[in-house]
Amino acid sequence: MRNLRIVGRSLLRFSGDDPLPLTATAWDAASNALVCAFGPSESRATIELKRLHHDRTGAEQKLESIASWDAPCPLPSLTHDSILTLHHFADSSTSCLVLAGGDIILVREQPEQGQELVEIVGSVDAGISAAAWSPDEELLTITTQADTLLLMSRDIENIASITFAPEDVNVSTHVSVGWGKKETQFKGKRARALQDPTMPETIDEGVLSPYDDRSVTISWRGDGAYFAISKVELEQRRMIRVYSREGQLDSVSEPVDGLEGALSWRPSGNLLASIRRSTEKMDVVFFERNGLRHGQFDLRFTAEELENLSTPLTLRWNSDSNVLAVSYPDKVQLWTMSNYHYHLKQELVFPEKVADTVRCSWDPERPLSVALSTTGALQVLEYASVVSSGSVASPNDYGVVASIDGLNLKITPLRIANVPPPMSLLQLALDHKPVDVAFSHSGTRIAVLSETDVAIYALDLQKRPITRPTLIWRGKLEGLAGHSPRHVAFRNNEQLYVMSDVWDEEESFIWTVEENINGGDGIITEPSPILEPGRISSIASDVEGEHVFVNFHNGNLNSVRQDDSTVDFPALATLPSFASEVKVAKLEEQSVAFGLTKSGVLYANERVLVRNCTSFTVTPVHLIFTTTQHLLKFVHLTTLNEVPGDEPQTDERCRSVERGAKIVTVMPTTYSVVLQMPRGNLETIYPRALVLAAIRRFIEVERYDEAFLACRNQRVDMNILHDHDPERFLANVEKIVTQISRVEHIDLLLSQLRNEDVSETMYRETLKAKDLTAKSKLSADQVQSKVNRICEAFLSVLEKAPYKESHLQNIITSHSQKDPREYLPHLQSLHDLSPLRRKFQIDDQLSRLTKALTHLKDLEAHSEVQDYVQKHSLYPEALNMYQYDVAHYKEIMRLYADHLAVNYKNKEAAIAYEFLGDYGNAWPCYRSANLWREALTAATVSGVTNEELEDLATSLAEGLAESKDYLPAATVTLDYLADLPSAARLLCRGAHFAEALRLVTLRKQPELIEEVIDPGLVERSGEMTEFLADMKGQLNAQVPRLQELRTKKAEDPLAFYEGVEDANIPDNISLAPTDTTSGGTFMTRYTKATTGTMDSRTSRKTSKNKRREERKRARGKKGTVYEEEYLVNSIERLIERINGTQEEIQRLVEGLVRRGMRERALAVETAVVEVMERCKDAVKEMYPPTQGVEGPTDGAQNANGVQGEPELKPMGGDATLWDSLAEVGKPRVAPVIKAFERLSLLG
């Protein structure tokens, strides 16, 4: 949510007859100056070292010379020497330069006796490729042109010398987790790819980037324990080596294609950043210390920009690890990270493009101060991390916040949608990368400032849904050459101020933009220089949005006042020291300036409020700030001298927050403060100070309904409504009842009353008495009788009110068993509805759905009717109601058709669609319902293409043929596919030979008789002969077996049902039963006795046993008790099949005779006659005149012939046998065997 805002900038360009190029910079922490090294160059082998006091103004000299000396290059391979690193030791006022030619030079600004001003303290004969000092300034790391690594002390004494070897690539410190199997430990992506199928098919081999300059880069970790070196190895791949402080190789990076030489170790130590280039994009990639990849982000190049960029980029982290600088040949980008997403916050453009990249040097002491330099230009910038937010004054406190991310401006009104970064409610695409953004006081205007222009957008936060801001005006700043825009600020809603800096000049300018509301045009005035003494930090609007002020580095604040043609800057306030973040509020016609320094000091004008502040904001009533003790505090603007202590338990003005939380914005209307955690996520809280202030304000303006809802929603004791101003409360009881109105709310208010003055105990006012309006106070006696007094006042008001109870209320009151507090809210909600809506709610709750639907129709809530019909499937009822309303009838019919289609009622769905004239949806439903005539008709009417119609006909014909419905299949094939041979084959497969002959002769294709019909006759006769032979074999096998089974059952029923056979039973086994009950007979074995308990030897059968028995019964395996039933059913099914095929057989025989195939016809006819005769014999066997043993019956007779109690059906697997015996034993009707009419022509 925070943006980087420039609060200090110096722009310099170096020129002259033969100027030395600026080649290196280093920060001097002692003097807050910049040490600059100029030269050497090809034309001049000279180095000049100067100190730049960038904060000096006026006649003061900014550049101060330190030393100058000749620096010829000792290496013939170089055209001239160059400075690889420049480091300044503030404690000894010494600068160290490491040159590519191999020299290490010390420059002592205050040399002691015997010391030289400039001294070469060391030299590397092979030349130096890279060098870097450790963060603690105790170790110098040097890589040489001879592929060696040197570690030197601060006194330039050699500590270690290491040779780079190709075998270093095999070094790995991937640590075992200490548990699990060896084969599950991570051994790198290549080993994992052999086992993990989810790994990508291609793994990086470390292919060099075509733009790699073969440079060597060294970067130290922030604590100085490790350093990393990026170097090309054997012209094959670029590799990052990680060494310990002692020079021990710790790890190497995994191969990454297109990896370039940029390298910067994040000071916090968790990531190393580098650049990877591919054909499509360029990424910043991250590595862990062990060399493994750990995320990346895209630098967002267009294809054209990527093609034109041939220079390798460089990277630099700032000292607190929050900002990553990416350097280009003509600009520098600053990226920050929030919620694991990298945002492009600033892009700083230089006047000219250089051969290499812009050099970036972060201040080690001040994290957001940076020096950016090229050979001829220098920018020294100081940033502040600020929130670009809208108004915090009611009613415009929507909490709107803008976050810059490259060409996107992410806007979120937090009062409407609490969307955390990197997401946003609205996203505005820009043409140019923004420098600054500002909101008008009303929140309806957004100003976006870029390097080339300023644009104003309109934002409507009242509209729902909220739409993206629209551009209403864009203007270029005329005469902008040489100007670098810095800030933009609104005054009211129509006037806009822009501040810019100028190269090579010490002045800053302010531009005025006045918007033409009627025409949407803008007028830009000529820039006016700010001539006040001191460097300018920023411009901003005050809390009320009525004035714009200028903040200076010397602590002065001046307001901007514009006349007709001039702009002046009268003094507004003075802070003791420079504050990078300033807000101005008006208090009693006087302005109070609040400033926060980077060291955490919070000022109110000249007074120091706290020294441990981390963020703050100002509303028209409160100063709100967070501290390093993780507390959120509130200070009344009227009593700035009273800062609450660190007592969140006792003081409403102090509240504990999460560690590191900072304020984003405050919304007094909703009593909320939005905080952002260090990781980036947002948290909205409702501090007691804001809630109670709002409640007291509502009471004072007699808005008791708002005060009540605030208490209810924020769990504040209701007694404050009375105790804050007792006389006002009792004088307005009737107004309170009218405003609150809801019975349950009045009940809640009265139920929480108690005899205590909470305004003196729980919610003591923190404002001074002189700042409060006069209010009555309660005496001790009044406190003790408070509840009775309030209840009497409410009772007198309620007794006078004309309340009427409805019939429904009387019914509920007389019949409900619930407490009134449970049903009264429901009655109140019904009372608030219109009559028809009330009837609908009641009928809906009583599940009288049709009546409820009628009420909805009467309400003309047609969209609700449709939803209700779909919810409860009331389609027929709705169709009846709308039968005379054609439009709505069709809408319901459409919904009904869709419902039927989803529930696979395809025939009805198709008819409904056809009723609506939607043949496009009708024919697929007809096809799914196997209605081929209707499907083809609807498809033809819907206007499908010929290809689609043919596909439909083909699929229908295939489906009909698979279901053996050959005649319709042939009809479709002939009529819609015009395929007579295929149609004839289908007719032959269905034995419709007469129709086949008719069609081929009708279509004048008699040759198909011999080509299609005769082979069809032969094939079908062979199939039928085989079919009849199978039936004959089945009868020959099953009828004798059935006779055998019935003979066994008649001879020995017990052996038949129990399978008892002689067995060798041991003599020592007793066959006597173990209880006093008698054993069952073969007919009672499978019944449940009704005389007492079950035999203890018998176990109950489970449902699993029953399913197993059902499977045995279905198989009818030989030798089981189910075999007889299976055989009977099988023979009956065979008789049904032979009866059903007689017509087909007759058509086949006639066709064979017609085509002169008498022998085949005779064979088929003889076979069918034999089968019919055997079926008759089987029926005689299966159904003799007297049936056999019957199965169990519902009743049983005792020995005396008296009808006893019906026997109960057994459970589990025994029930299956019971059903089988009942099926076999019940009387059966013998199936009728149709007589086969033989063809007399066959004799």
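Some notes on this structure:
- Here D81 passes the criteria (1) more than 22 Å from T314 (Cβ to Cβ); (2) over 52 Å from the mean Cα position of the chain (by Cα); (3) acidic (D, E) except the one numbered (1).
- Check on A1161, buried (at least 20 other Cβ atoms within 10 Å of the Cβ), assigned by TED's automatic domain parsing to the domain that holds E1132, at pLDDT 85 or above and small (G, A, S): yes
- Of all the residues in region 937-996, those that are under 20 Å from E1023 (Cβ atoms), outside any helix (DSSP H, G or I) and hydroxyl-bearing (S, T, Y) number 1.
- Any hit, region 983-997, residues being farther than 16 Å from E1144 by Cβ and either in the same structural domain as I1145 (by TED's automatic domain parsing) or touching a residue at least 60 places away in the same chain (Cβ under 8 Å) (or both): yes
- Checked against the criteria, T813 does not count as more than 30 Å from P726 (Cβ to Cβ), part of a helix (DSSP H, G or I), modelled with pLDDT of 85 or more and of a type in the set (S, T, Y).
- E642 meets the conditions (1) over 26 Å from G555 (Cα atoms); (2) in a loop (DSSP other than H, G, I, E, B) in every case but one. The failed one is (1).
- Among the candidates L428, L449, the residue that is under 23 Å from V349 (Cβ atoms), touching a residue at least 24 places away in the same chain (Cβ under 8 Å) and within 22 Å of the chain's Cα centre (by Cα) is uniquely L428.
- Of all residue pairs spaced 6 or more apart or on separate chains, those with beta-carbon atoms under 9 Å, a first member in region 786-813 that is on the phi < 0 side of the Ramachandran plot and a second member that is modelled with pLDDT under 60 and not in a helix (DSSP H, G or I) are T813/E805.
- Strands (runs of 3 or more DSSP E) enclosed by region 250-298 - at least 1 residues per element that are buried (at least 20 other Cβ atoms within 10 Å of the Cβ): 259-265, 272-277, 282-287
- Test: residue in region 870-889 that is β-branched (V, I, T) and either surrounded by 14 or more Cβ atoms within 10 Å (Cβ to Cβ) or touching a Cys at 6+ places or on another chain (Cβ under 6 Å) (or both): no
- Once region 339-360 is narrowed to residues that are surrounded by fewer than 21 Cβ atoms within 10 Å (Cβ to Cβ) and among the polar types (S, T, N, Q), the residue that is nearest to G482 (Cα to Cα) is T357.
- Residues in region 870-918 that are more than 18 Å from A939 (Cα to Cα) and outside any helix (DSSP H, G or I): S873, L874, Y882, Q883, Y884, D885, N903, Y904, K905.
- Only listed residue being more than 25 Å from L750 (Cα to Cα) and not hydrophobic (A, V, I, L, M, F, W, C), chosen from R688, R696, R715, R655: R655
- In region 722-761, the residues that are buried (at least 16 other Cβ atoms within 10 Å of the Cβ) and either in a loop (DSSP other than H, G, I, E, B) or modelled with pLDDT of 95 or more (or both): H724, D725, N732, R742, L753, E756, D757, V758, S759
- Pair list, Cβ under 7 Å, 6 or more apart: region 626-637 residue of a type in the set (G, A, S), other residue not in a strand (DSSP E or B): none
- Residue under evaluation K586, criteria (1) out of contact with any helix residue (DSSP H, G or I) (no Cβ under 9 Å at 6 or more places or on another chain); (2) at pLDDT 95 or above; (3) under 17 Å from D542 (Cα atoms); (4) not aromatic (F, W, Y), criterion not met: (2)
- Checked against the criteria, V1202 does not count as within 30 Å of E1110 (Cβ to Cβ) and either modelled with pLDDT under 75 or in contact with a Phe, Trp or Tyr (Cβ under 9 Å, 6 or more places away or on another chain) (or both).
- Among (1) in a helix (DSSP H, G or I); (2) over 25 Å from V1169 (Cα atoms), the one test that E1019 misses: (2)
- Of the strands (runs of 3 or more DSSP E) lying entirely inside region 347-446, the ones with 2 or more residues being out of contact with any Pro (no Cβ under 7 Å at 6 or more places or on another chain) and under 30 Å from A24 (Cβ atoms) are found at 359-362, 369-373, 377-389.
- The requirement of being among the hydroxyl-bearing types (S, T, Y), surrounded by 20 or more Cβ atoms within 10 Å (Cβ to Cβ), under 23 Å from L234 (Cα atoms) and touching a residue at least 12 places away in the same chain (Cβ under 8 Å) is satisfied by T144.
- Selection from region 923-936 of residues that are in a helix (DSSP H, G or I) and either at positive phi or among the hydrophobic types (A, V, I, L, M, F, W, C) (or both): W923, C925, W932, A935, L936
- Qualifying residue in region 862-876 (condition: farther than 30 Å from Y976 by Cα and over 39 Å from the mean Cα position of the chain (by Cα)): yes
The values are calculated or read from the model by the stated rules, or taken from the named source; none is laboratory data. All values derive from a computational prediction rather than experimental measurement. When we count neighbours, we look across all protein chains shown, and the Cβ atoms used for this are built from the backbone with ideal geometry, even at glycine.
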